[in-house]
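Working notes, beginning with the structure itself.
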Amino acid sequence: AALALDNGLARTPPMGWLHWERFLCGTDCAADPRRCVSEQLFVEMADRMAADGWRDAGYEFICIDDCWMAPTRDKQGRLQADPKRFPSGIRRLADYVHSKGLKLGIYSDVGNKTCAGFPGSYDHYDLDAQTFASWGVDLLKFDGCNSDSMELLAEGYRRMSLALNKTGRSIVYSCEWPFYLRPVQQPNYTEIKHYCNHWRNFYDVYDSWSSIKNILDWTALHQDTIVKIAGPGGWNDPDMAMIGNFGLSWDQSVTQMAMWAIMAAPLFMSNDLRHISPEAKCLLQNKEVIAINQDPLGKQGYQLAKDKNFQLWERPLSGQAYAVAVLNHQEIGGPQKFTLSLTFLGNGLACNPVCSIRQVLPTSRDWGVYSWISSLSVEVNPTGTVLLKV
C-alpha cells in the first residue's frame, strides 16, 4: 500500500513532545500560568528542547493537543487560536519553533467537536488542512470524538489525509482511527496505513504502571494483527512516554523506554522539560535506546514468550542484529533471574554460530561473545526490564 498517500514522512517513528497528559486542558492562565495551554508554554518548551539536548537526541516535534482553539471559528469559517492564550497566533508560534530547529504539531478532530468540546473539522477538512499548512504546521494529530457514525469517521480520516496532501506541505498525519473503530469492527490496517503515518489502537496512556502494563498486554494480545503492518511511513502508536512525571518508579520508567523501543513506537514525551530530573533526562536521551527505536529496518518487535514472572520480547534490527527485552512483570518480591537458550532468539538465527551481546538498559555494558548453544541468565527487578542488543 502507498504510505499516507506517499507523503514520504515518518520513515522512522516520529519523536517529540506533546502537551497532553501532563498539561491536559488547562485554560485558566490567570490562576496557573505555568500549567496553562498557551503560547508561553510552547515557547518555553521549544527553548528547553533546543538548549537541553532534546533536539540533538532526535526529539524534533513540539505538539499542541486539544484546547488550543477559540470556542468558535472566525467569520471566514476558519479555526482560530484562543486570542488570550495565543496572542501572537499559531503562525508566529510555528515560526518561533522553526527558528529553534524544531517542528510544530497541532490537533483537531474528525467530528463536529473535539473531545474537549472545541470546534471539530467535520465538513471543514479542506479548509482546515489549508489553514494548518498556511500556519507552517508540520504534524496533525487527528482525534475521533463526536463523529455520528463509523462511516463518517472513516470518510473523515480519508478526506483529511487527501486534504493535507493537497496543500503541498509535508505534514505528518497522526490518526486515532483504529481506536474508535475497534469497539464496532476490526480495523483494516492496510487501508489505515494507506492514509496515516501513525495510529492509536488503545486507550490514552496515564501516568501509572497499570496503564503501561495494560498497553503492553493489549499489544501482545493483538500482535498477530498489528506488528506486520508497521514499518517505514506508518507506525502503531502506544501513546506518550510518561518518564519524568510522578506515577512510574525508576524500573517502570526503564520498562517504558525499553518497550517503546522494542515496539518501534512514536516517541512523544509528555512531561515538563523545565523541571525534569537528570535521571529521567538521561534515560529519555539514551542514544543506544533511541537507535533501537529509530532502527532503519523499521520492523516492530513482538512478544516471544510469557510465564508467570517474565515476558520475553525481541525486535529484528538492521545489520542482522536483534533487540531483546526481558520484563519482570511481578509486582512483589525482589530481583528475579530469567534464563533463556540463545537458540530461541531470531528463529535460531540471532546467535548462529556466535553473537556478541550488549546490555543497553538499565545500564550499558558489554556481556561478551556467546555461542549458538549458550544459555543467558538475566536478573531483572520487579516491573523492570533488561534491554539487550544481540
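The values are calculated or read from the model by the stated rules, or taken from the named source; none is laboratory data. Everything numeric in this text was worked out from a predicted model, so none of it was measured. Cβ: placed from backbone, ideal geometry, glycine included. Neighbour counts: every protein chain shown. Heavy atoms of the whole protein, side chains included, go into the accessibility calculation; ligands, DNA and RNA do not. Shrake-Rupley method; radii C 1.70, N 1.55, O 1.52, S 1.80 Å.
Observations on the structure shown:
- Accessible area in the full protein assembly, largest first, 1.4 Å probe, for ASP82, ASP56: ASP56, ASP82
- Nearest-0.05 FRET efficiency for SER277 and SER364, computed from C-beta distance (R0 30 Å): 0.95
- log₁₀ of I(q)/I(0) at q = 0.23, 0.24, 0.26 Å⁻¹ - region 302-389, Debye sum with one point per alpha carbon: -1.20, -1.29, -1.47
- When nucleic acids and ligands are ignored and a 1.4 Å probe is applied, ASP251 ends up with an accessible area of around 40 Å².
- Three-way shape label, region 1-158, alpha-carbon gyration tensor, a/c 1.5: oblate
- Calculated FRET value between LYS213 and ALA2, using beta carbons and R₀ = 45 Å, to 0.05: 0.80
- Label-to-label distance, GLU151 versus SER371, with points set 7 angstrom from Cα along the beta-carbon direction: 6.6 nm.
- At R0 = 35 Å, FRET efficiency that the Cβ-Cβ distance of LYS166 and ASP224 yields, to 0.05: 0.50
- Within a Gaussian network of the chain (alpha carbon springs, distance under 10 Å), most fluctuating of GLN300, GLN80, GLN252: GLN80
- Most mobile listed residue (SER253, SER170, SER356) in the chain, GNM with C-alpha springs under 10 Å: SER356
- The convex hull built on the alpha-carbon positions of the chain has an orientation-averaged projected area of 18.8 nm².
- Semi-axis lengths (Å, descending) of the ellipsoid that matches the C-alpha gyration tensor of region 204-273: 21, 13, 9
- For the set LYS84/LYS166; LYS193/LYS308; LYS228/LYS306; LYS193/LYS337, the pairs lying more than 30 angstrom apart at their alpha carbons are LYS84/LYS166; LYS193/LYS308; LYS193/LYS337.
- Extension gain (nm, one decimal) between ALA70 and GLN186, 0.36 nm per residue minus Cα-Cα: 38.2 nm
- Charge dipole (debye, nearest 20) of the chain; +1 at Cβ of Lys and Arg, -1 at Cβ of Asp and Glu: 600 debye
- Taking 20 °C and 1.002 mPa s as conditions, region 238-377 diffuses translationally at an estimated 134 µm²/s according to Stokes-Einstein applied to its Kirkwood radius (Cα pairs).
- Unpartnered cysteines - no second Cys beta carbon under 4.7 Å - across the chain: CYS63, CYS282
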